[in-house]
Amino acid sequence: MGQAHRIAIIGRGTVGGGVVDILAREGAVIARRCGVDLELAAVVTRTPSRQRSQALPPGCRLSADFGLVLDDPSIQTVLLLVGGTTDAREICLRCLTAGKHVVTANKAILAEFWDELFACAERHGVCLGFESSVAGGVPVIGALRDGLVANRIDAVQGILNGTCNYILTMMEEAGLSYDEALAQAQALGYAEADPAFDVNGSDTAHKIAILARLAFQTRINFRQVDIRGIEALGPGDIASARRLGCRIKLLGIAQRFPDGISLAAAPTLVPLGHPLASVRLNYNAVNIEADAAGPNTLIGQGAGARPTASAVLSDVVAIACGERALSGPRAHGAPLFDLPVIF
Ligand SMILES: NC(=O)c1ccc[n+]([C@@H]2O[C@H](COP(=O)([O-])OP(=O)(O)OC[C@H]3O[C@@H](n4cnc5c(N)ncnc54)[C@H](OP(=O)(O)O)[C@@H]3O)[C@@H](O)[C@H]2O)c1
């Protein structure tokens with residue numbers, strides 16, 4: 001067994017359930033592989049009485065009150081797996097202020113309150129991990145922060161929303177209309193009952209704002225992202241793209257130019273030979289143009305309980321192992337440069 005590291009989950013939903021599941025199946029192997037024994041000490045969720053498919057380990061406390069976590073000095077890391085921005089921001093700040101590391105999949109609070117959250121983490125000498133906030137199980141944050149740390153990043157382009165990629169794939173391959181493809185995505189559980197945030201490009205914009213901070217180490221205001229969705233696309237657009245030797249993909253794009261950077265989340269013509277053109281269905285992919293390493297493309301499951309929980313646990317293990325990569329300027333894209341957003 002490794003050294004014990006006590007964690008709490010706040011939000012026992014899709015991702016929180018995935019974490020409970022992976023810990024139950026793989027916790028012992030993770031402990032042997034990494035030398036840290038992740039002990040699930042508490043789960044806080046809005047309706048603790050609701051039955052869930054994953055049982056909690058013996059001794060794990062269950063409550064609706066996150067004060068339980070704040071008041072327990074033995075809990076070192078909080079996995080903040082609640083959506084929305086109001087409660088999630090408050091819980092995040094209070095956990096950081098209480099001296100607890102936080103790992104979150106909530107890209108909305110990161111995109112909107114980045115500076116405030118990381119300033120708070122730094123003040124209290126704790127880490128804020130966010131691998132799971134972009135592209136689910138695809139380890140793109142670690143790639144930018146660690147694997148490509150010696151590079152100047154010139155561009156990041158990503159298929160960052162599986163719902164949109166599924167809809168566009170079905171429009172192209174099965175000849176469905178936008179409404180038919182969306183209905184199919186909803187029936188398969190790939191799209192929310194209210195899919196607006198996905199299909200209007202906002203979700204992709206949150207994610208590209210996060211990636212751009214790490215890629216360019218400059219201050220990014222999420223509102224500077226040029227956002228366009230896929231709702232107005234029809235069969236004519238798909239056919240025109242095909243005639244041009246392209247596919248339409250909703251991409252998040254962050255690009256470096258001599259006099260600044262551009263940030264966009266928009267339907268984009270992708271030439272058929274480009275690695276992103278062949279990414280189908282609900283898959284995510286990120287292409288990173290790095291000056292020394294060259295182009296790198298990562299492809300995988302961008303959402304879902306287990307892929308996202310896999311990313312959450314990668315941060316938890318890094319924190320539990322005391323890896324320095326999750327603190328200091330490179331961990332959160334501290335603004336070392338002043339690059340204007342030019343368009
Ligand atoms: N699902 C994915 O594939 C995925 C992928 C990447 C990132 N994310 C992000 O991860 C976060 C969680 O997503 P999810 O899909 O797991 O959401 P979810 O299934 O809706 O689960 C959220 C959970 O949070 C709990 N909750 C809500 N408000 C709370 C509060 N104030 N205090 C304590 N618990 C509260 C709810 O509890 P009850 O069930 O007890 O009512 C619910 O179970 C979101 O920010 C999402 O954008 C999700």
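If I ask for residues that are part of a helix (DSSP H, G or I) and either among the hydroxyl-bearing types (Ser, Thr, Tyr) or crowded, with 21+ Cβ neighbours inside 10 Å (or both), which ones from segment 237-263 would you list? It would help to see each step written out before you state the result.
Here is the first cut: in segment 237-263, the ones part of a helix (DSSP H, G or I) are 237-243.
Answer for segment 237-263, where residues must be part of a helix (DSSP H, G or I) and either among the hydroxyl-bearing types (Ser, Thr, Tyr) or crowded, with 21+ Cβ neighbours inside 10 Å (or both): SER240, ALA241.
If a residue has to be out of contact with any Cys (no Cβ under 8 Å at 6 or more places or on another chain), over 29 Å from ALA285 (Cβ atoms) and outside any helix (DSSP H, G or I) to count, how many in segment 91-141 make the cut?
Qualifying residue count, segment 91-141: 6.
Which of (1) surrounded by 24 or more Cβ atoms within 10 Å (Cβ to Cβ); (2) touching a residue at least 24 places away in the same chain (Cβ under 8 Å) is the odd one out, the single condition LEU182 does not satisfy?
(2) is the only condition that LEU182 fails.
Does segment 301-313 contain any residue that is within 30 Å of ILE22 (Cα to Cα) and among the charged types (D, E, K, R)? Outline the logic, then answer.
Within segment 301-313, the subset within 30 Å of ILE22 (Cα to Cα) is 301-313.
After this cut, where a residue has to be among the charged types (D, E, K, R) as well, the list is 306.
Yes, there is a match, as at least one residue in segment 301-313 is within 30 Å of ILE22 (Cα to Cα) and among the charged types (D, E, K, R).
When you look at ALA277, is it of a type in the set (A, V, I, L, M) and exposed (fewer than 15 other Cβ atoms within 10 Å of the Cβ), yes or no?
No, not satisfied.
Kindly evaluate ILE153 against the criterion of being crowded, with 24+ Cβ neighbours inside 10 Å and either at positive phi or of a type in the set (A, V, I, L, M, F, W, C) (or both). Steps first, answer last, please.
Values: crowded, with 24+ Cβ neighbours inside 10 Å: no; either at positive phi or of a type in the set (A, V, I, L, M, F, W, C) (or both): yes.
No.
Please go through segment 1-35 and give me each residue that is within 15 Å of the ligand (Cβ to nearest atom), within 22 Å of CYS321 (Cα to Cα) and not in a strand (DSSP E or B), ordered by number.
Taking segment 1-35 first, the residues within 15 Å of the ligand (Cβ to nearest atom) are 8-22.
So of that shortlist, the ones also within 22 Å of CYS321 (Cα to Cα) come out as 8-10, 16, 18-22.
The answer is GLY16, GLY18, VAL19, VAL20, ASP21, ILE22.
Residues checked against (1) within 19 Å of the chain's Cα centre (by Cα); (2) within 30 Å of ARG25 (Cα to Cα); (3) part of a strand (DSSP E or B); (4) not small (Gly, Ala, Ser):
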residue: ALA265; (1), (2), (3), (4): yes, no, yes, no
residue: VAL286; (1), (2), (3), (4): yes, yes, yes, yes
residue: ALA309; (1), (2), (3), (4): yes, yes, no, no
residue: VAL312; (1), (2), (3), (4): yes, yes, no, yes
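Here is a list: GLY84, GLY136. Which entry is within 9 Å of the ligand (Cβ to nearest atom), surrounded by fewer than 21 Cβ atoms within 10 Å (Cβ to Cβ) and touching a residue at least 24 places away in the same chain (Cβ under 8 Å)? Give the steps one after another, and end with the answer.
Details: GLY136 fails: surrounded by fewer than 21 Cβ atoms within 10 Å (Cβ to Cβ).
From the options GLY84, GLY136, the qualifying one is GLY84.
Restricting attention to segment 36-59, report how many residues are part of a loop (DSSP other than H, G, I, E, B) and within 15 Å of the ligand (Cβ to nearest atom). Talk me through it step by step, then tell me what you get.
Here is the first cut: in segment 36-59, the residues part of a loop (DSSP other than H, G, I, E, B) are 45-59.
Now drop any that are not within 15 Å of the ligand (Cβ to nearest atom), which leaves 45-54, 56.
The qualifying residues number 11.
Within segment 1-36, work out how many residues are free of Cβ contacts under 8 Å to residues at least 24 places away in the same chain and either among the β-branched types (Val, Ile, Thr) or crowded, with 23+ Cβ neighbours inside 10 Å (or both).
Qualifying residue count, segment 1-36: 1.
Residues to consider are LEU176, LEU214; find the one that is more than 20 Å from GLN301 (Cα to Cα), aliphatic (A, V, I, L, M) and within 20 Å of the chain's Cα centre (by Cα).
Just one listed residue meets the conditions, LEU214.
Just to be sure, is ALA215 more than 20 Å from ILE167 (Cα to Cα), touching a residue at least 40 places away in the same chain (Cβ under 8 Å) and surrounded by fewer than 22 Cβ atoms within 10 Å (Cβ to Cβ)? So that I can check it myself, show each step before the final result.
Values: more than 20 Å from ILE167 (Cα to Cα): yes; touching a residue at least 40 places away in the same chain (Cβ under 8 Å): yes; surrounded by fewer than 22 Cβ atoms within 10 Å (Cβ to Cβ): no.
So ALA215 does not fit the description; no.
Restricted to segment 283-341, and to residues that are among the charged types (D, E, K, R) and free of Cβ contacts under 8 Å to residues at least 12 places away in the same chain, which residue is farthest from the ligand (Cβ to nearest atom)?
Only one residue tops the list, namely ARG324.
Check segment 60-80 and report whether any residue there is in contact (Cβ under 8 Å) with a residue 60 or more places away in the chain, assigned to a helix (DSSP H, G or I), away from the ligand (no atom under 12 Å from the Cβ) and over 20 Å from the mean Cα position of the chain (by Cα).
Among the residues of segment 60-80, not one is in contact (Cβ under 8 Å) with a residue 60 or more places away in the chain, assigned to a helix (DSSP H, G or I), away from the ligand (no atom under 12 Å from the Cβ) and over 20 Å from the mean Cα position of the chain (by Cα), which makes the answer no.
For every residue, the table says whether it meets (1) within 9 Å of the ligand (Cβ to nearest atom); (2) buried (at least 19 other Cβ atoms within 10 Å of the Cβ); (3) in contact (Cβ under 8 Å) with a residue 60 or more places away in the chain.
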residue	(1), (2), (3)
LEU96	no, yes, no
GLY99	no, no, no
ILE109	yes, yes, no
HIS124	no, no, no
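Picking from ILE299, ILE319, which residue would you name as being of a type outside the set (D, E, K, R) and part of a strand (DSSP E or B)? Full working, then the answer.
Numbers: ILE319 fails: part of a strand (DSSP E or B).
The unique qualifying residue is ILE299.
Which one of GLY234, GLY158, GLY162, GLY189 is surrounded by fewer than 19 Cβ atoms within 10 Å (Cβ to Cβ), modelled with pLDDT of 95 or more and out of contact with any Cys (no Cβ under 8 Å at 6 or more places or on another chain)?
Matching residue, one of GLY234, GLY158, GLY162, GLY189: GLY234.
The values are calculated or read from the model by the stated rules, or taken from the named source; none is laboratory data. As the structure is a prediction and not an experimental result, all values here were calculated from the model. Every residue, glycine as well, gets a Cβ built from its backbone with ideal geometry; the counts of neighbours run over all protein chains shown.
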